[in-house]
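Structure first, commentary second.
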Amino acid sequence: MQMLNQNMNQEKMLQWINEVSFAVTDVLLYLDTHPDDVDAMNYFNHYNMEREKALNLYASQYTPLVLSNTEACNHWNWVTDPWPWEGGCK
């Protein structure tokens with residue numbers, strides 16, 4: 001898995017977020033049945049932190065992808081940008 005890079009374009013950064021989110025979800029399911037696996041917990045902690053960094057960077061450069069990355073303001077940021085099917089990820 002490649003590492004997050006601030007010079008990534010929007011499409012590559014979104015791909016990285018998808019990859020790391022999949023890894024986090026996958027290991028969470030594993031930890032449900034193996035809660036004492038220290039290696040899996042370390043893996044989860046590492047990639048969950050990478051996911052948070054990526055989501056924060058994406059939100060600062062483009063638009064928030066999750067509610068926790070929105071700012072307290074009088075409007076929702078994500079409705080002002082084009083949706084992916086409108087070419088928003090190009």
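Values quoted throughout were computed directly from the atomic coordinates according to the rules given, and no laboratory measurement underlies them. Keep in mind the model is a prediction, meaning the values are calculated, not measured. Counting neighbours? That spans all protein chains shown, and the Cβs are built from the backbone with ideal geometry, glycine included.
On full extension, the segment bounded by Asn18 and Ala40 gains 6.0 nm, given 0.36 nm per residue less the C-alpha separation.
Listed values for the range 11-16 are Karplus-derived 3J(HN,Hα) couplings in whole Hz (6.51 cos²θ - 1.76 cosθ + 1.60, θ = phi - 60°), namely 5, 5, 5, 5, 4, 4, and x replaces Gly and Pro.
How much length is gained on full extension from Thr25 to Thr80, taking 0.36 nm per residue of separation minus their Cα-Cα distance? Write down the numbers at each step before the final one.
Details: separation 55, 0.36 × 55 = 19.80 nm, distance 2.92 nm.
Full-extension gain reported as 16.9 nm.
Protection proxy ranking, highest mean first, for peptides 15-23, 28-36: 15-23, 28-36, where packing is the per-residue count of other beta-carbon atoms within 10 Å, averaged.
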